[in-house]
Amino acid sequence: MRKAASLALLATLLVHAPPAAAQAVGPSGLPLPRFVSLADDEVNARTGPGKDYPIRWVYTRRNLPVRIVEEFDVWRKVQDPEGDEGWIHAQLLSSKRSVVMVGTVRELRRTASDSARVVLRAEPGVIGTLVSCNGRWCLVDVQGQRGWVERDGIWGVLEDEWPD
């Protein structure tokens with residue numbers, strides 16, 4: 001009898017359990033958080049979602065990756081590689097994926113292997129176009145040269161994107 005009651009309780013818990021790791025979806029219908037890049041050479045980040053809010057700072061790096069963490073109408077709250085946040089009009093953002101090198105000089109390799117030949121060394125702050133990721137490695141294009149870099153050496157890709 002105890003076993004049957006325990007099984008019934010377990011079944012009830014499983015039926016009513018919340019879904020595991022469901023990703024949030026913003027009003028745009030796109031997932032949150034997600035990465036995009038700056039679409040212009042000069043992009044204003046504001047303190048709130050509208051032109052009436054003061055400009056907090058001005059980004060001057062086209063293609064800089066930013067993480068969208070919130071949406072309101074045509075405004076996107078973004079976080080930059082240094083963790084600063086601000087609101088940017090959606091028209092000033094691009095779905096083109098980019099990454100920025102972080103930490104120390106990063107070695108981009110011919111294949112996704114520690115023993116592969118180094119094709120390029122990139123200093124922190126260098127921006128590249130994200131092509132794809134495969135486990136702990138991501139393929140990046142930096143000014144026409146492609147190479148594989150370890151995922152923990154870049155900022156601009158979510159941990160669960162392109163899983164093994």
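Here is a list: Glu85, Glu123. Which entry is more than 20 Å from Arg151 (Cβ to Cβ) and charged (D, E, K, R)?
Going through Glu85, Glu123 in turn, the sole match is Glu85.
If Trp162 satisfies every condition in (1) over 29 Å from Pro49 (Cα atoms); (2) of a type in the set (A, V, I, L, M, F, W, C); (3) modelled with pLDDT of 95 or more but one, which is the exception?
Among (1) over 29 Å from Pro49 (Cα atoms); (2) of a type in the set (A, V, I, L, M, F, W, C); (3) modelled with pLDDT of 95 or more, Trp162 violates only (3).
Which one is nearest to Arg97 (Cα to Cα), of the residues in region 114-157 that are open to solvent by less than 40 Å² (accessible area, probe 1.4 Å) and out of contact with any strand residue (DSSP E or B) (no Cβ under 7 Å at 6 or more places or on another chain)?
Looking at the filtered set, the residue picked out is Cys133.
Scan region 35-56 and tell me whether some residue there is in contact (Cβ under 8 Å) with a residue 12 or more places away in the chain, within 19 Å of Val99 (Cβ to Cβ), open to solvent by 30 Å² or more (accessible area, probe 1.4 Å) and β-branched (Val, Ile, Thr).
no
Among the residues of region 141-164, which ones are assigned to a strand (DSSP E or B) and of a type in the set (Val, Ile, Thr)?
Quick first cut of region 141-164, residues assigned to a strand (DSSP E or B) only: 141-142, 145-150, 154-155.
The answer is Val142, Val149, Ile154.
The values are calculated or read from the model by the stated rules, or taken from the named source; none is laboratory data. Please read these numbers as outputs of a predicted model, since none were measured by experiment. Because the Cβ atoms are built from the backbone with ideal geometry, glycine has one as well, and the counts that use them run over all protein chains shown. Note: accessible area is taken over every heavy atom of the protein model, side chains too, but ligands, DNA and RNA are not part of it. Shrake-Rupley method; radii C 1.70, N 1.55, O 1.52, S 1.80 Å.
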